[in-house]
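Worksheet: one structure, shown below.
The values are calculated or read from the model by the stated rules, or taken from the named source; none is laboratory data. Small disclaimer: the values here were computed from a predicted structure and weren't measured. Methodologically, a virtual Cβ is constructed for each residue, glycine included, from the backbone with ideal geometry; neighbour enumeration extends over all protein chains shown.
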Amino acid sequence: MATPVKVDTKPVCKYGANCYRRNEQHMKQYRHPKRANEDEGDEEPKKRKVKTAKADKPPKAKGQGATIEDFFGKKKKDDPKATESASKTDTDMSEESPVDIRENIKSKFLVEMPEDFYDFWKFCEKLNKEDPLDALQATLGFTLVGPYDVLAGRHKDVAQNSAGRRPNFLLHWRYYYDPPEFLTVIKGDDEKQFHIGYFRDDPDEMPVFVAANSAKENGIITPRGDNLFAAVSHYVGERLKDKSISADKKKALNKLQESLKAAASAGGYSLEQKTKAMKERDKKSVCKTFHGAGMVVPVDDNEVGYRPVPETPGDLKKMLTKIRDSKTQEERDKHYDPLQEIITLVQFANDECDYGEGLELGLDLFTFGGKCFHSAIGSLLTLAYQLLRRPQYSKIIEAHLKRRSHSADLSQID
């Protein structure tokens, strides 16, 4: 006698395979049919043809199947280590330690450090030869961290950290609101979780500015010049405005400020808070984003590359607040519907090469915060970074979402 076939009588979720809700109750209540090509595991998906834009052909209209290379050109050929590094597993992250310190840092953090990073280290060595990492501790309460720990050799012989894990440098001093574009190099107080780092739009390029964030307060990223000398000089100036500081402290701060100015001048670094290059970058920014530092993606003459999220920032925040503050899963699912509709629109945008919309929405969800958004954040940003050919950032966001923490103790080597 033939075994009767079991039929799943649950109603089909209206978002089908595109649904990002993965809570147990929702999965029990609704069916989620697979995409057509998911059932045909033995067949390879058809590869999209890459066409080369030619001068004698008119530009393609928006949505006519163009590829990113058609309007943005081929990305520069970097040494294959960037892509290779981006594909490594968490376990692999601490295995390779190139002898060259610059390559060593790149292998661990997936990005190259700018020249001012190394010059600032030399500056701190002059201030405190015995302990450059804490050279700014007495005057500003700052400690050099992140890639500076590698430069100082603190990572050596650390097979396991205090959590019993092998160090993952993608998470080393990565605060709760630090997007993949941001890399912390200086930590301040734990009360506000103040920290300073480099911000870059593309992992294969140098930082566009140095910025600061206080993770205990919010996810706002504030640009502070285009090099570390400018950023630290700004905060020295802020401390000097405090009328309650002692005469000795004021003297020490003034001395530090003069040293910063001299070192910056010798190295050819501007102490301006908003340089010409930063202003040019602002013009290229397609939207402000919740973190306030803006976002740059390639956009061609036909405006292909970006379309805005179809909600005002205020309305989107109200939508996300309802989801995050829901008391029951049923209530959360109800409030999630409008967000799911936007996510579906992002998928349409990706089909028409407007990859920036998914990046914007993913970054806004990330900055808004809340574990209930992690599934959507992971899907949106991982895909957006891959489409924009920023695979290093895909790797970083995947690692961060697995162990995202509000903690102030974010060292991976202690």
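State all residues of region 188-202 that are farther than 13 Å from PRO114 by Cβ and assigned to a loop (DSSP other than H, G, I, E, B); if no residue qualifies, say none. Quick ask: steps written out before the conclusion?
Of region 188-202, the ones farther than 13 Å from PRO114 by Cβ are 188-196, 201-202.
Result: GLY188, ASP189, ASP190, GLU191, LYS192, GLN193, ASP201, ASP202.
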Out of all the residues in region 296-325, which are outside any loop (DSSP other than H, G, I, E, B), of a type in the set (A, V, I, L, M) and touching a residue at least 40 places away in the same chain (Cβ under 8 Å)?
LEU316, LEU320, ILE323
Would you mind stating whether THR139 is at pLDDT 95 or above, of a type in the set (Val, Ile, Thr) and farther than 22 Å from ASN161 by Cα?
yes
Do we have GLU181 as modelled with pLDDT of 95 or more, surrounded by fewer than 21 Cβ atoms within 10 Å (Cβ to Cβ) and either under 21 Å from the mean Cα position of the chain (by Cα) or farther than 20 Å from GLU112 by Cα (or both) here?
no
So in region 184-201, with the set limited to residues that are of a type in the set (D, E, K, R) and more than 10 Å from the chain's Cα centre (by Cα), which one is nearest to GLY141 (Cα to Cα)?
ASP189
Based on this model, can you work out whether LEU228 counts as at pLDDT 95 or above, touching a Phe, Trp or Tyr at 6+ places or on another chain (Cβ under 6 Å) and closer than 18 Å to ILE196 by Cα?
yes
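Enumerate the helices (runs of 4 or more DSSP H) found wholly within region 223-291, keeping only those where 1 or more residues are over 22 Å from the mean Cα position of the chain (by Cα) and surrounded by 16 or more Cβ atoms within 10 Å (Cβ to Cβ).
Values: elements: 228-240, 247-267, 276-284.
Once the helices (runs of 4 or more DSSP H) in region 223-291 are filtered for at least 1 residues that are over 22 Å from the mean Cα position of the chain (by Cα) and surrounded by 16 or more Cβ atoms within 10 Å (Cβ to Cβ), what remains is 228-240, 247-267.
Please pick out the residue among LYS243, LYS156, LYS216 that is modelled with pLDDT under 95 and farther than 24 Å from ASP131 by Cβ. First the steps, then the outcome.
Values: LYS156 fails: farther than 24 Å from ASP131 by Cβ; LYS216 fails: modelled with pLDDT under 95.
Within the list LYS243, LYS156, LYS216, the selection yields LYS243.
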Residue tally, condition touching a Leu at 6+ places or on another chain (Cβ under 7 Å) and among the hydrophobic types (A, V, I, L, M, F, W, C), over region 394-409
3
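Tell me the residue from LEU228, LEU256 that is farther than 14 Å from GLU272 by Cα and among the aliphatic types (A, V, I, L, M), please. Give the derivation first.
Working: LEU228 fails: farther than 14 Å from GLU272 by Cα.
From the options LEU228, LEU256, the qualifying one is LEU256.
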